[in-house]
1. Roughly how many Å is it from the Cα centre of the stretch 206-224 to that of the stretch 48-80, as a whole number?
2. Which of rounded, prolate, oblate describes the stretch 91-158, given a ≥ b ≥ c as roots of the alpha-carbon gyration tensor eigenvalues and a/c under 1.5 marking rounded, otherwise prolate only if a/b is larger than b/c?
3. Going 7 Å from the Cα of Ala119 toward and past its Cβ, which residues in the stretch 155-172 have a backbone nitrogen under 18 Å from where you end up?
4. From the backbone phi of the stretch 63-74, what are the Karplus-calculated ³J(HN,Hα) couplings (6.51 cos²θ - 1.76 cosθ + 1.60, θ = phi - 60°) in whole Hz, Gly and Pro given as x?
5. Under the definition of Cα pairs under 8 Å and six or more residues apart, what whole-number percent is the relative contact order of the chain?
6. Filter the chymotrypsin sites (Phe, Trp or Tyr not before Pro) in the stretch 96-154 down to the DSSP loop ones having no more than 12 other Cβ atoms within 10 Å, then list what survives.
7. Please work out how many pairs of lysine residues in the chain are eight or more positions apart (or on different chains) and have Cα atoms closer than 24 angstrom.
8. Is the stretch 11-82 best put as rounded, prolate or oblate by its Cα gyration tensor, with a ≥ b ≥ c the root eigenvalues, rounded for a/c under 1.5, and otherwise prolate when a/b is larger than b/c, oblate when not?
Amino acid sequence: MIEVSALTKRFTQGRGRKARVVQAVDGVSWTAADGAITGVLGPNGAGKTTTLRMVAGLIAPDSGRCAVDGLDVAREPRAALARLGVLSDARGLYPRLTARENIVYYGRLQGMSTAAAAARAESLAHLLEMTPLLDRRTEGFSQGERMKTALARALVHDPANIILDEPTNGLDVLATRALRETLRRLRDEQGKCIVFSTHIMQEVAYLCDRVVLVAHGRTVAEGTVAELNAQAGQADFEETFVQLAFDAAEREGAAA
Ligand SMILES: Nc1ncnc2c1ncn2[C@@H]1O[C@H](COP(=O)(O)OP(=O)(O)OP(=O)(O)O)[C@@H](O)[C@H]1O
């Protein structure tokens, strides 16, 4: 389970009188349950990536709390992050290493033996249908190949919780379907807690058990697609999203 409560983060750009402050996250709260796929949705700049980076321990919040399976990411980072797999938007593979080496290296960083990490790389390659890629250097990999390698790396230590930032970015229709199927299996067969951010409404309808809508760094609505449609009085989730997220953002803007 992943819990985010009253999280805030601001960035300051520049110095002195020219300094500009951006309130990227402004008290966002949500919970993602085990055995469920939770989608975090919001307009550009709503604070989704910043929030997920705080959950992953990559940046520290100004205030508020993130917890993974009840472990506070700030207080017990090693224990909390050992229970988390992260697929970031940047992917961040080592280009001179093969896919296999990237996955095994990450397993070693997570405290696994080389043999255990190597065995896991094989089974994940099978699950993700990427066995032919394993011994190629990742330099020059296509978007889909990079995503599969990065996902295998994120899953190498078999974390109970997985966060994915725009995982289908740049993927073709078959790779997108394969990823969806993988996420469903991880949820249904292994009871993982999966959180992902996306801009693709179809993906939400296909995959998400629960949706968190964020705007201006805050949660503006939460529920199943059907509950949110009912709340907005819409049949189409895209209309619901525009109404709940963008109208909320406009109201916030007018009030500011
Ligand atoms: N390192 C940083 N320095 C300055 N501002 C930042 C930094 N990271 C994020 N921001 C700002 O914080 C706000 C939230 O950004 P974030 O990337 O979290 O949004 P997002 O919801 O993921 O957006 P998108 O859907 O466009 O990816 C934006 O205004 C962004 O410009």
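Any read-out appearing in this document is the output of simple, stated calculations on the displayed coordinates, not a laboratory observation. From a predicted model like this one, the values you see are computed outputs, not experimental measurements. No Cβ is skipped: glycine too gets one built from the backbone with ideal geometry, and neighbour counts run over all protein chains shown.
1. 19
2. Numbers: a/c = 1.73, a/b = 1.40, b/c = 1.23.
In terms of gyration-tensor shape, prolate.
3. Only 155-159 pass the distance filter.
4. 7, x, 9, 10, 9, 10, 6, x, 8, 6, 5, 6
5. Values: 492 pairs, mean separation 65.1, N = 256.
Result for the chain is 25 percent.
6. Numbers: sites: Tyr105, Tyr106, Phe141; in loops: Phe141.
When the chymotrypsin sites (Phe, Trp or Tyr not before Pro) of the stretch 96-154 are filtered for loop state and at most 12 Cβ neighbours within 10 Å, nothing remains.
7. On the way: Lys9/Lys18; Lys9/Lys48; Lys48/Lys148; Lys48/Lys192; Lys148/Lys192.
Taking the Cα cut-off of 24 Å, the pair count is 5.
8. Working: a/c = 2.98, a/b = 1.58, b/c = 1.88.
Oblate shape, in that a/c is at least 1.5 and b/c is the bigger or equal ratio.
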